[in-house]
Every structure is written in C-alpha cells, then in structure tokens.
Amino acid sequence: MFTKEITIPPLDTTAEGAAILHEVYEQMGYGDATPDDDVLAEVRAVGSMLTAVTRPRLCYTLAKGTLDTERNTLTIGGTVLNVGRIISHQLRGAEAFALFVATAGAEFEDLQMRLKDEDDMVRTFIADAFGSVIAEHTADVMEQYLQDEIGTRGWRHTNRFSPGYCGWHVSEQQRLFPLFGVDRPCGVRLTDSSLMVPIKSVSGVIGLGEKVRKLEYSCGLCDYKDCYKRRKHPTQ
C-alpha cells in the first residue's frame, strides 16, 4: 500500500494555496463573491494555524476485482461492494481498482476541537470549511501519485467514488475498510455508524485501465443535492 504525508502549501504565496483559499470561500457559501475584510482576516488567521500543525495523509492500494453492471456490484477479494448503478456504469472497462483514503488528519481535528472548546464559533466554522477542502485536496494529490504509478502501465483512471455518494450507501464503509489489509489506513478508523474519524476524511474506489476515462465534471452523475461542489454549478 502506498502511503504519504503531505503539507499544506503556503496559502498566500503559491497558486496551489490560492486555489485552496478559493475553495474554502466557496465552501463557506461565498461563491465568486469577495468576503469582507473581517472575514478575510479571520480566514487567514485560521489558515495560519492550520498550516502550522495540520499533516494530511493519503494512501491507496491496487486490487483486482470483478464488476457486475447488472447487479451494480464490485467484488474484490471475495467482498461484494454494492456500489450502485451510477458508479458501476462509470467503472466499466476497468482492469483493476484503487482503494483509497485521504484525510486532513488527527492534528487538524485536534485544532478544530480546541476552537470549539474555546467557543469560537466563527473560527470553528472556518476551520470546518478548511477541513473539507484539505481532505479533497489531499485526495487530489493522491490521484496524482496514483496516475504516476499506473501511467507506467499505460493506464488511466476514472473519477474517484466514495460511499455516501452516487447511490453507494455509506454503510459500505464497513466492507471497504477491511480491504486495505491494515488497521486504520492513514490513521482513519470507522465508528459503528460508518463515520470516519478523523471526520475530515475521504475514502472510496477508482477504476484503472487503458479504456477508462475521467470526466472533467461529474456532478450531473450524482444525486447528492447538498454537496458544496454542486452549489458551485447551480445549473447542473
């Protein structure tokens, strides 16, 4: 299994960091509007705290599997994942699959809990937005490492798909996590209700092969109405 700890790029001096800030403002509900100076100051203050302590982590493992597009299942190592119609359709043509976890990390969660304990609701809200964006950013970085590895085989990869989205029930986390073969991949554990801890974590599956494709924009595939990425594109 490939594992990696990454750092958050400087938010004010790099293009990657500026992109993270833009996503944070969108997560907070600003869309393309510019927040006022007070909000900008608070976001930068929280960002400085986060970049000092947060250590996002990513991991993935490659596995062979059998996709059944009639039953909408993916079977890996004898475990049947009921991925649903949308995901099974998007995984067609895959020769193998990557199972992944990406997380903002326990250090981030500790900071967010401290802000809650201090009853600083503004900074807690901002930190929550940062956590969601950092987890997704870490998953994006994971895809880059994955593509570097599978590119040597002439393979491409699909979009990533997670339990809780696109008709794949969140309870399927209980079947997905044992497939990593280690306890707490990337330091992430599951509760009995299939919630990941740290909360700001992402897990799922990606299809791999010569004939698969990654869509530039896939919200039209998904029926999760409250996703902030869907709010970015209200016409979809």
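The values are calculated or read from the model by the stated rules, or taken from the named source; none is laboratory data. Quick caveat: nothing in here was measured; it's all calculated off a predicted structure. Virtual Cβ from ideal backbone geometry, glycine too; neighbours counted across all protein chains shown. Each accessible area value is taken on the protein alone, full model and side chains, heavy atoms only, with ligands, DNA and RNA left out. Shrake-Rupley method; radii C 1.70, N 1.55, O 1.52, S 1.80 Å.
Over the residues of the chain, the helix contribution to mean residue ellipticity at 222 nm works out to -11500 deg cm²/dmol, using -39500 (n - 2.57) for each DSSP H run of at least 4.
When the chain is treated as a GNM with alpha-carbon contacts under 10 Å, the residue of Thr66, Thr152, Thr138 showing the greatest mean-square fluctuation is Thr152.
Computed over the chain with a Gaussian network model linking Cα atoms closer than 10 Å, the most mobile of Cys186, Cys166, Cys59 is Cys166.
Per residue, the range 92-201 exposes 45 Å² of solvent-accessible protein surface, assessed with a 1.4 angstrom probe and all protein chains in place. With the cut-off at under 11 Å, measuring from each backbone N in the range 103-126 to a point 7 Å along the Cα-to-Cβ line of Ala45 picks out 120-124.
Comparing Pro198, Pro35, Pro163, which has the greatest mean-square fluctuation in the GNM of the chain with Cα pairs linked when under 10 Å apart? Among Pro198, Pro35, Pro163, the largest GNM mean-square fluctuation belongs to Pro35. When only Cα pairs below 8 angstrom with a gap of at least 6 residues are kept, the chain shows a relative contact order of 25 percent.
Could you work out how far the C-alpha centroid of the range 52-69 sits from that of the range 96-130, in angstrom? Computed from Cα coordinates, the inter-centre distance equals 19 Å. Computed extension length for Thr73-Thr191: 40.1 nm, one decimal, from 0.36 nm per residue of separation with the Cα-Cα distance subtracted.
For the range 101-142, carbon and sulfur atoms together expose 50% of the accessible surface, with a 1.4 angstrom probe and every protein chain in place. With R₀ fixed at 30 Å, the C-beta to C-beta distance from Glu16 to Val122 puts the FRET efficiency at about 0.70.
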